[in-house]
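Colleague: Supplied in structure tokens, the structure appears directly below.
The values are calculated or read from the model by the stated rules, or taken from the named source; none is laboratory data. Model, not experiment: these values are computed from the prediction. Note that each Cβ is placed from the backbone with ideal geometry, even for glycine, and that neighbours are counted across all protein chains shown.
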Amino acid sequence: MGHDLLTIYFLKGIEYLLAVAYLPLFVLFWRFATPKAPAVAVAAVGDKAPGWADQLADYFRLPGDLFHHPGHAWARVEGDTVVVGLNDFAQRLVGRIDRLRLPAAGTELAQSRPAFSIVSGGRSVAVLAPVGGTVVEVNHEAASDPGAVKQSPYGRGWLLRVRSPQMAAQLKALMRGELAQRWMDTVWEQLNTEAAATELGAVYQDGGTPVDGMAQGLSPEHWDRVARRYLLTEDESFEGGSDA
Amino acid sequence: MTDTTFDRGLGPREWVIEKVFLGMPLGAYLRSLVTPGNLLVALILIPGIPAVVYRFVYGIGAVSNLTQANPWGLWIGLDVMSGVALAAGGFTIATLVHVLGLRDYQPIVRPAILTGFLGYLFVVIGLMADLGRPWNLPVPMVYSFGTGSVMFEVGWCVALYLTVLALEFSPAVLEWLGLRKMREWALKLTLALTVLGLCLSTLHQSSLGALFLMMPHRVHPLWYSGFVPIFFFVSAIAAGIAMVIVESALSHRAFGSRVAPGSHERLDRITLGLARAGALVLFAYFFLRLQGLVDSGRFDLLNTGYGYWFLFELLGFVLVPAILFGLASRQRRVVLARWVAGWTVIGIVVNRLNLSVITFNWNSPERYVPSAMEVLISVTIITLGVMTFRWIVNRMPVLRDDPAFPPAH
Amino acid sequence: MDVSRRTFFKIAGVAGAAGIAGQPAKAEAASLAAGHSPAVLVDATRCIGCRGCEAACAEANGLPGPADAGGEAVFEARRKTSPGAYTVVNRYAHAQAEGGYRFVKTQCMHCADPACASACLAKALEKTAAGPVVYHPDRCLGCRYCMVACQFDVPKFEFEKAAPFVSKCSFCAERQAQGQPPACASVCPTGALQFGQRGELLEEARTRIYQNPGTYVRHIYGEHEAGGTNWLYISDVPFDQLGFRTDLGPTSPPELTRTALAAVPVVLTLWPPLLMGLYTWSQRLKGASRQGGQEASHD
């Protein structure tokens, strides 16, 4: 196979040269492949506007083009009005929704004051308004068909349309994009910590279908208190609205 | 005081519904299985399973193009050789996390171990299709030891490593079953299992290459080398890294609802880190192969058909991915890293096939091409592997932690 | 750090066993290498193509009779051994040969250091102390590594069966155990097949070559090929024109795997301390960075 002594001198010579050349080349390649600054987390939330299908797939991802209120309501700007709804986390937290009590058109809302409520099992939990203003339109279908809110909280499950004169200023107080995602991470961690203390953990590993009624899992008797804690309406209630 | 889910008052029927049927009653669960993806799976399995049965009833000759002149073919080249190389992500990531302490890669350890475990499991299953007398598998394991054989060492190493992987993955299964005490015990083995796993992986990855050492009369001189065991081991590391990048990208897309929040961004960081590692390994591997070429002294063969193919494999499937991985890491381009990873996976498969099929018996008048049934059976086995992966990920804490079980660190 | 005692013994046990494994049967090889192994000298100038060897082999092994016994037409195609025929005789046209043809008998070469026996993970193919390489069907997994390892393409496989076996010439090991020559050599009418001890047959072959200058090719095929075989061939026609592979080196195939196998216990010995060293070092680094972080935050 050509490994007589004469050929070997030549071949071995090339091998040594190759090995020696490789060493500095490796160092150079290492430097080429190393990114310069410490890697910064890429915020993919705002990069693409997820379609409605993505919301179900991306469980705790918040749509990038929405503004989020810490009370788990969301706001979307449409022209000179703001569409308001309940976010995915909140509807899963509550679980079974019998109906929603929404304010009538013309009602004045104030930012971070109770705007509507969720009714389930005879108890009701209030939700804070993400923006203040006048209610110009109410989604009655969603109010009477909770399925809309559960399946498409950011789409056909929208709840109110509000005309807000101080829209720009009020939106500044809300979260979106990376900040909103980080907030949702904190909320989730909080829920996890609470859940770990109970036996809720096993419920989560039922195969990963998004768990419904997490508040129930945390406290079957006082789920509404749990829900109000997360929705920031512990001492609040929403008295207005009809049961339509 | 036990803590199984039975304690929560779940009877066996509720347990099956919760653990197996994803919380749905049987009817709803079966209906949920009707998806386009599952339709494709059915299209593969409906002819595939009978083909496998046919192979066992009528013999290897009835389904394959294997002959006396070409006794090894696609099943060895793809199911066994490529399968083992691509399952190497298990020991690679486990070593990064548990031995080198790179916690950043913790989120992908379990999927990598699962990919490794299922990879090896289905390699063994694929081997059953290729062996003429698979029921004699206990013979070299129990009483007749051909210790002079590289194949013997491969068999034993794979068997032991499969056990190691099963044990490494067991915490996830135990968490699924809610067996807290056993899970604690299983976690304690992690470091020892990782070290043992790396030893065994080094051995059998390289030994699969060593199988070809006895065949200078069959493998093309450009690919035949005394260093082929080292080539196989190093390229297996690259294959494992690339496969983990591909698998994690596909998993996050397919199982997006099961991943922990914030993990998409974390995965981007992980992917770029792996891309950098892949770049360096492939770069070193390129020079190793060059050394192999020089050692063979057969520069004259470079100007032949096989020579061009050799250069294409070396440049296109090793050097180019090395550079592109480096670029992706440098410029933080996650999408590029994923595509390059896919290309690298293909390149490793090409390399294994080159040695076992494409340049095998290269100067013999009788050459081999796989039959349609062979391809069908291979694809069937791979499909079953992917389906098993999906079944497990849908139920067990692989892509995210179980909140009831604090993370192991 | 949590390496339990049990795990340590597990690792040590595997390493130890692997170290013991892979030691060749040195004593047997020594005596066989000294020339005291049963062998056959095949003289291609004496074979008349009667194929009596094929018939005797089939009868001795309980195989169906050779194809088309007696007719000349059988030589039209080049035949190979098969599950039903452990040996075949092929005809090669050559101008220099008397009568224009040479006949060559093909069968297992019963190598001194056989690839097949080394390849077999279950010792289904075994190089016996007596010399022949025999097949134990009960141990065979049908992996066919022996087939790809053999440089002479000898072992054949029953592809058409659902429970297939490997098949090849056994050198009539049972007959030899009773002091008899193999069936083929015992019926050869012209003395083309001469059974004896390898050392003596090599002498005989060299003698024939010296005493017939210009007749024989100056090469004994099998003397060094693949590390030396026990079926030796001499011929007046160059071997590559008689269907022999002439590109086989003198290194026995198992010799080619020796280093790779020797590396096994080395890896099992060195990797654990290397890895545990890396582990310890990485833990220390993390401890240092944590400390550094704490100190920084105290400022």
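Colleague: If the requirement is being in a loop (DSSP other than H, G, I, E, B), touching a Lys or Arg at 6+ places or on another chain (Cβ under 9 Å) and surrounded by 14 or more Cβ atoms within 10 Å (Cβ to Cβ), which of these qualifies: C:143, C:169, C:184?
Modeller: Testing whether each residue is in a loop (DSSP other than H, G, I, E, B), touching a Lys or Arg at 6+ places or on another chain (Cβ under 9 Å) and surrounded by 14 or more Cβ atoms within 10 Å (Cβ to Cβ) leaves just C:143.
Colleague: Scan B:264, B:217 and give me the residue that is over 30 Å from residue B:392 (Cα atoms) and modelled with pLDDT under 95.
Modeller: Every option except B:217 fails the conditions.
Colleague: Yes or no: residue B:277 farther than 17 Å from residue B:350 by Cβ, within 19 Å of the chain's Cα centre (by Cα) and either more than 7 Å from chain A (Cβ to nearest Cβ) or not in a helix (DSSP H, G or I) (or both)?
Modeller: Criteria met by residue B:277.
Colleague: I want to confirm something. Restricting to region C:182-197 and keeping residues that are of a type outside the set (A, V, I, L, M, F, W, C) and within 21 Å of the chain's Cα centre (by Cα), which single residue is nearest to residue C:88 (Cα to Cα)?
Modeller: Looking at the filtered set, the residue picked out is C:182.
Colleague: Hey, another quick one. How many residues are touching a residue at least 60 places away in the same chain (Cβ under 8 Å), within 17 Å of residue A:163 (Cα to Cα) and not acidic (Asp, Glu) when one looks only at region A:77-99?
Modeller: Within region A:77-99, residues that are touching a residue at least 60 places away in the same chain (Cβ under 8 Å), within 17 Å of residue A:163 (Cα to Cα) and not acidic (Asp, Glu) number 6.
Colleague: If a residue has to be away from every other protein chain (no Cβ under 14 Å) and more than 30 Å from residue B:207 (Cα to Cα) to count, how many in region B:37-85 make the cut?
Modeller: Looking only at that region, the number is 14.
Colleague: For region B:309-316, state whether one or more residues are without any contact (Cβ under 8 Å) to a residue 40 or more places away in the chain and assigned to a loop (DSSP other than H, G, I, E, B).
Modeller: no
Colleague: Next question, about the same structure. Out of (1) within 14 Å of another protein chain (Cβ to nearest Cβ); (2) in contact with a Gly (Cβ under 7 Å, 6 or more places away or on another chain), the odd one out for residue C:163 is which?
Modeller: (2) is the only condition that residue C:163 fails.
Colleague: Hey, among the residues in region C:127-160 that are farther than 23 Å from residue B:150 by Cβ and not small (Gly, Ala, Ser), which one's farthest from the other protein chains (Cβ to nearest Cβ)?
Modeller: Result: C:132.
Colleague: How many residues are more than 9 Å from chain B (Cβ to nearest Cβ), buried (at least 18 other Cβ atoms within 10 Å of the Cβ) and of a type in the set (A, V, I, L, M, F, W, C) when one looks only at region C:255-280?
Modeller: Looking only at that region, the number is 0.
Colleague: Can I ask one more? Answer yes or no: is there a residue in region B:359-369 that is part of a helix (DSSP H, G or I) and not charged (D, E, K, R).
Modeller: The answer is no; no qualifying residue exists.
Colleague: Let me confirm something: among C:124, C:115, C:119, which residue is surrounded by 24 or more Cβ atoms within 10 Å (Cβ to Cβ), closer than 22 Å to residue C:244 by Cα and facing chain B (nearest Cβ under 9 Å)?
Modeller: On inspection, the qualifying residue turns out to be C:115.
Colleague: Checking residue C:220 against (1) within 14 Å of chain B (Cβ to nearest Cβ); (2) among the hydrophobic types (A, V, I, L, M, F, W, C); (3) in contact with a Leu (Cβ under 9 Å, 6 or more places away or on another chain), which test does it fail?
Modeller: (1)
Colleague: In addition: Of all residues in region C:187-216, count the ones that are more than 18 Å from residue C:110 (Cα to Cα) and touching a helix residue (DSSP H, G or I) at 6+ places or on another chain (Cβ under 7 Å).
Modeller: Looking only at that region, the number is 4.
Colleague: Considering region A:125-139 alone, what residues qualify as being over 15 Å from residue A:71 (Cα atoms) and surrounded by 21 or more Cβ atoms within 10 Å (Cβ to Cβ)?
Modeller: Passing the criteria: A:133, A:135, A:138, A:139.
Colleague: As an exercise: evaluate residue B:210 against (1) at pLDDT 95 or above; (2) within 10 Å of chain C (Cβ to nearest Cβ); (3) part of a loop (DSSP other than H, G, I, E, B) and give the number of the one condition it does not meet.
Modeller: Against the list (1) at pLDDT 95 or above; (2) within 10 Å of chain C (Cβ to nearest Cβ); (3) part of a loop (DSSP other than H, G, I, E, B), residue B:210 comes up short only on (3).
Colleague: Checking residue B:343 against (1) in contact (Cβ under 8 Å) with a residue 12 or more places away in the chain; (2) over 23 Å from residue B:120 (Cα atoms); (3) away from chain A (no Cβ under 14 Å); (4) of a type in the set (A, V, I, L, M, F, W, C), only one condition comes out false. Which one?
Modeller: Condition (2) is where residue B:343 drops out.
Colleague: If you check residue C:49 against the conditions, is it outside any strand (DSSP E or B) and farther than 18 Å from residue C:184 by Cβ?
Modeller: Considered against the rule, which asks whether it is outside any strand (DSSP E or B) and farther than 18 Å from residue C:184 by Cβ, residue C:49 comes out as no.
Colleague: Among B:110, B:133, which is the only one that is within 9 Å of another protein chain (Cβ to nearest Cβ), of a type in the set (Lys, Arg) and over 12 Å from the mean Cα position of the chain (by Cα)?
Modeller: B:133 is the lone residue from the list that is within 9 Å of another protein chain (Cβ to nearest Cβ), of a type in the set (Lys, Arg) and over 12 Å from the mean Cα position of the chain (by Cα).
Colleague: Give just the number: which of (1) in contact (Cβ under 8 Å) with a residue 40 or more places away in the chain; (2) more than 8 Å from every other protein chain (Cβ to nearest Cβ); (3) surrounded by fewer than 20 Cβ atoms within 10 Å (Cβ to Cβ) does residue B:235 not satisfy?
Modeller: Only one criterion in (1) in contact (Cβ under 8 Å) with a residue 40 or more places away in the chain; (2) more than 8 Å from every other protein chain (Cβ to nearest Cβ); (3) surrounded by fewer than 20 Cβ atoms within 10 Å (Cβ to Cβ) is unmet by residue B:235, namely (3).
Colleague: Next up: Quick check on this structure: which one of A:73, A:110, A:142, A:90 is among the hydrophobic types (A, V, I, L, M, F, W, C), at pLDDT 90 or above and surrounded by 18 or more Cβ atoms within 10 Å (Cβ to Cβ)?
Modeller: The unique qualifying residue is A:73.
Colleague: Determine whether region B:320-339 contains at least one residue that is over 18 Å from residue B:225 (Cβ atoms), at pLDDT 95 or above and away from chain A (no Cβ under 14 Å).
Modeller: The answer is yes; a qualifying residue exists.
Colleague: Right, here's the next one. When the residues of region C:147-166 are filtered to those that are of a type in the set (A, V, I, L, M, F, W, C) and not in a loop (DSSP other than H, G, I, E, B), which remaining residue is nearest to residue C:82 (Cα to Cα)?
Modeller: Looking at the filtered set, the residue picked out is C:157.
Colleague: Evaluate the following for residue A:181: is it under 27 Å from residue A:80 (Cα atoms), in contact with a Ser or Thr (Cβ under 7 Å, 6 or more places away or on another chain) and buried (at least 19 other Cβ atoms within 10 Å of the Cβ)?
Modeller: In short, no.
Colleague: Here's a follow-up. Among the residues of region C:80-102, what is the count of those that are within 13 Å of chain B (Cβ to nearest Cβ), surrounded by 18 or more Cβ atoms within 10 Å (Cβ to Cβ) and in a loop (DSSP other than H, G, I, E, B)?
Modeller: 2
Colleague: If you check residue A:44 against the conditions, is it surrounded by 12 or more Cβ atoms within 10 Å (Cβ to Cβ), over 30 Å from residue A:218 (Cα atoms), modelled with pLDDT of 90 or more and facing another protein chain (nearest Cβ under 10 Å)?
Modeller: no
Colleague: If residue B:32 satisfies all but one of (1) more than 14 Å from chain C (Cβ to nearest Cβ); (2) polar (S, T, N, Q); (3) free of Cβ contacts under 8 Å to residues at least 40 places away in the same chain; (4) in contact with an Asp or Glu (Cβ under 8 Å, 6 or more places away or on another chain), what's the number of the condition it fails?
Modeller: The single condition residue B:32 does not satisfy is (4).
Colleague: Out of B:248, B:257, I need the residue that is buried (at least 24 other Cβ atoms within 10 Å of the Cβ), at pLDDT below 95 and out of contact with any strand residue (DSSP E or B) (no Cβ under 6 Å at 6 or more places or on another chain). Which one?
Modeller: B:248
Colleague: Exactly one condition in (1) surrounded by fewer than 24 Cβ atoms within 10 Å (Cβ to Cβ); (2) farther than 24 Å from residue B:361 by Cα; (3) not charged (D, E, K, R) is false for residue B:86; which is it?
Modeller: The failed condition is (1).
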